[in-house]
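The values are calculated or read from the model by the stated rules, or taken from the named source; none is laboratory data. All of these numbers come straight from a predicted model, not from anything done at the bench. Neighbour counts are summed over all protein chains in view; Cβ atoms, including those assigned to glycine, are modelled from backbone coordinates with ideal geometry. Heavy atoms of the whole protein, side chains included, go into the accessibility calculation; ligands, DNA and RNA do not. Shrake-Rupley method; radii C 1.70, N 1.55, O 1.52, S 1.80 Å.
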Amino acid sequence: MKNAYRYLFLLFCSALTIFAFGQSTAPSLGKDYQLRAGRDHLVFASAQSGDSLALEINSTKHTLPLIRGEAKLPVELSQRGALLLIQHAGKGYRLYHLSARNDGTPRLRRIPMWLSVVPPLIAILLALIFKEVIVSLFVGVWVGAFIAGGMRIESLYYTLLSLFDVVERYVIQALADSGHLAIIVFSSLIGGMVAIISRNGGMAGVVLAFSRYARSPRSAQFITWLLGVAIFFDDYANTLIVGNTMRSVTDKFRVSREKLAYIVDSTAAPVAAVAFITTWIGAELGYIDDGLLQITEKTGTDLGLTPYGVFISSLKYSFYPVMTLAFILMLVYTKRDFGGMYAAEKRARETGELFTKRSAAAEEDMENLDPIDGAPLKWYNAVIPVALVILITLYGLIDTGLASTYGELLDAGLAPASQSWGAVWGSISALPDVGDSFLMKVGKLIGNSDSYVALLWASLSGVIAAILLTVGGRIMGLADAISTMITGFKAMLPAILILTMAWSLAATTEELHTATFLTSALQDSINPFVMPVIIFILAAVISFSTGSSWSTMAILYPIAIPTTWAICVAQGVETEAAMELLFNVISTTLAASVLGDHCSPISDTTILSSLASDCNHIDHVRTQLPYALTVGAVALVAGGLSTFLGGGWGICLLLLVIGLAVLFGIVRTFGKLVD
């Protein structure tokens, strides 16, 4: 199989090279217009009638005068060049690279948009072949930079420049993002905290305490699942806290790191996606609100719906998140696994090898986090810092949410009596689409919060608490505690490098408009009742390719919501059925984004799950993939059938029960007993 991957990769690279050499830089022909470049302008030659040509270039609309069948757009040429995404009359997209040659003459090359999926595919394929993620991601970013640079394979200079752009542009761009930096700092601080509470004997004390309840591999996995569901408010916090806390417990009962990573990964995003009060809710409601506004603008129809009301109504179609959570319980209860996970679990139980053997160099780099000699095995030395991380995260969400809500109230002319929590909370109901409902008010509050700030406060508090408990308990001196914290930072470095390269790759897919290509390829579907199926597949593919469920939602919601409604209206679908289709598409976009995230080796949450569980990243992806695809297939069928059968809570609950029965049957049929 590995040789097949290699041959496929070599064949693909050869085809891409031939394509790059063979592409002509002559004027680009199309059905609607012909494009050529001058030294200071673009010329659009069109046979259409009328005196103007409507175009959208890089999201900016232009109406150009059409004189004797030609329209000109002034441009500035540069030797590095720039990408131009052009859409004519709301139809298909074309991507061009415009640059200046050394003699000043223009160079215009059309870049087929299917090439936009090549960088993530190459990264994923190389990772599967060589099982080395950082180099694979680096090559993927390089390929993306090469395509975005105009595919100048005829020039050694620009080929090398695309290599240097990997660091100069994309890595620096990824690190310049404040949200990305917050994740890096948060992860590092959590790593430092975990190192301290491991060396001071706290984690060993937790294992002893949990041993009263976790008396077998099954109960250890169940407790891990339970903690994953309990920490529902943020997927990043969930992943790092549960993985790091439960790793020692599951290790004691010989649960493989692959299984731990799967449980951690598959509880974090699903529960955060469907819970009423999470750090996801603000983004979700914002995307839904934008989609509803587009329906009003394009059709003149005011549906009279609030974003939060739509979110609640769409939850009945959230088959994938609910089925994923239940599927984990099935595996735990039956003590069965299949595919690569069965091999991993069997290895762990029979040999005690909790993860695949590392190379000698990797083993040498592993830090010793066993308790120091004489350390008291007190559970509270670990539980207090971890509990503080959870509590400060909640406090930070509330504090930043209230501060942001206060500003929103001022902008709306609804200034509270003061900036106190009580005054702001009492005034929230005056905002549009909120009302007096407690859930609506909390949803608004959390939606306005800054989760990155909350996580930074929480992780810093956890580290400080761990140091104070360690030094105050005379377990280690201050210098040793700080040295241990730095050791924890070092342990996080490989995952941070992977995250950085994954973000860099995401930047290339954004620059090449990967999501635009995938969306435009399927958005013209006709039958409204297959829209949930199409959106499910499309969202999963985009999320898999970009490694981000959030960006997938941001891209698809503004397209899927108005498109679904417009198709329903055009085909005379009854209003009630159209509403259910709309709810289904909204829920499906979210659910399938999480599915693609679970399957993607370049997803940040997947990387963090590997990190928190101390599991080889490719092993985690390889063993999780069959489970995610199995649940995804059943969820896809259930979601597609739900609107065909009329939708509603009754139909959805029935299909959910049937889907769970099918999954249980799959586990019983194909799963092999581990114990």
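Results, tabulated for the structure shown:
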item: Output for the range 179-189, where each listed residue is open to solvent by 30 Å² or more (accessible area, probe 1.4 Å) and within 16 Å of residue 506 (Cβ to Cβ); result: 180, 181
item: Test: residue in the range 216-238 that is over 30 Å from the mean Cα position of the chain (by Cα), of a type in the set (Lys, Arg) and either at pLDDT below 85 or farther than 30 Å from residue 480 by Cα (or both); result: no
item: Some residue of the range 655-670 being in a helix (DSSP H, G or I), in contact with a strand residue (DSSP E or B) (Cβ under 6 Å, 6 or more places away or on another chain), open to solvent by less than 10 Å² (accessible area, probe 1.4 Å) and closer than 18 Å to residue 334 by Cα; result: yes
item: Criterion (among the hydroxyl-bearing types (Ser, Thr, Tyr) and open to solvent by 30 Å² or more (accessible area, probe 1.4 Å)) met by exactly one of 170, 213; result: 213
item: Check on residue 358, at pLDDT 90 or above, open to solvent by 40 Å² or more (accessible area, probe 1.4 Å) and of a type in the set (Lys, Arg); result: no
item: Selection count where residues are more than 25 Å from the chain's Cα centre (by Cα) and not small (Gly, Ala, Ser), scope the range 396-407; result: 4
item: Filter result (hydrophobic (A, V, I, L, M, F, W, C) and touching a residue at least 60 places away in the same chain (Cβ under 8 Å)) within the range 640-665; result: 644, 649, 652, 653, 655, 656, 660, 663, 664
item: Qualifying residue in the range 190-203 (condition: more than 27 Å from the chain's Cα centre (by Cα), open to solvent by 20 Å² or more (accessible area, probe 1.4 Å), closer than 21 Å to residue 375 by Cβ and not β-branched (Val, Ile, Thr)); result: yes
item: Residue count, the range 50-59 (criterion: assigned to a strand (DSSP E or B) and open to solvent by 70 Å² or more (accessible area, probe 1.4 Å)); result: 0
item: Pairs where the first residue, in the range 61-76, is in contact (Cβ under 8 Å) with a residue 12 or more places away in the chain and in a loop (DSSP other than H, G, I, E, B) and the second is of a type outside the set (Gly, Ala, Ser) and open to solvent by less than 30 Å² (accessible area, probe 1.4 Å), C-beta under 8 Å, 6+ apart; result: 66/53; 75/42; 75/98
item: Number of positions in the range 497-526 that are over 19 Å from residue 84 (Cβ atoms), modelled with pLDDT of 75 or more and more than 16 Å from the chain's Cα centre (by Cα); result: 1
item: Sole residue being crowded, with 22+ Cβ neighbours inside 10 Å and either among the basic types (Lys, Arg) or farther than 25 Å from residue 547 by Cβ (or both), chosen from 153, 147, 122, 86; result: 86
item: Within the range 377-481, helices (runs of 4 or more DSSP H) holding 3 or more residues that are over 28 Å from residue 245 (Cα atoms) and open to solvent by 60 Å² or more (accessible area, probe 1.4 Å); result: 380-411
item: Residue in the range 587-602 that is in contact with a Cys (Cβ under 6 Å, 6 or more places away or on another chain) and within 21 Å of residue 258 (Cα to Cα) present; result: no
item: Of the criteria (1) surrounded by fewer than 24 Cβ atoms within 10 Å (Cβ to Cβ); (2) within 25 Å of residue 296 (Cα to Cα), which one residue 560 fails; result: (1)
